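Every read-out reported here was derived from the displayed coordinates using simple, explicitly stated rules and does not represent laboratory data. Computed from a prediction, not measured in an experiment: that's the story for all the values here. When we count neighbours, we look across all protein chains shown, and the Cβ atoms used for this are built from the backbone with ideal geometry, even at glycine.
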Amino acid sequence: MSLSRLIARQLNHPSGIVGHLLIGPLWTRRNSALNDAAFDTLDLSAHDRVLEVGFGGRYLLGRMSGVVIGGLLAGVDVSTAMVSVCQRRYHFWRLAWNTQ
């Protein structure tokens, strides 16, 4: 597999150590301004219920978790690497995503 194809695959569907250590932080940096604008627009309160689809590097999810403390905050992502990062960061999500 060529390097450009490998990079494209990781950008589309981060996986493994590359997705965890490189692609997630890269997406976070790349999308932080857009995520900040979304966060400001949402004007969340403590008891809101939020689903973030495609949370990627978890930046917006982290910002929302500081506000939504009595409601429900959930996220889905196609990347098992990104889900794994969030499961470690937000341990309370493991119950929701445990498929065993």
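Below is a table of values for the structure above.
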{"read-out": "Dimensionless Rg/Rh of the chain - Kirkwood Rh, Rg from C-alpha atoms", "value": "1.00"}
{"read-out": "Crossing angle, helix 24-42 versus the chain [Cα axis fit, 0-90 degrees, rounded to tens]", "value": "30 degrees"}
{"read-out": "Order of 68, 76 under a 10 Å beta carbon neighbour criterion, fewest first", "value": "76, 68"}
{"read-out": "Electrostatic dipole magnitude of the chain [Cβ: Lys, Arg +1; Asp, Glu -1; Cα centre; debye, to 20]", "value": "440 debye"}
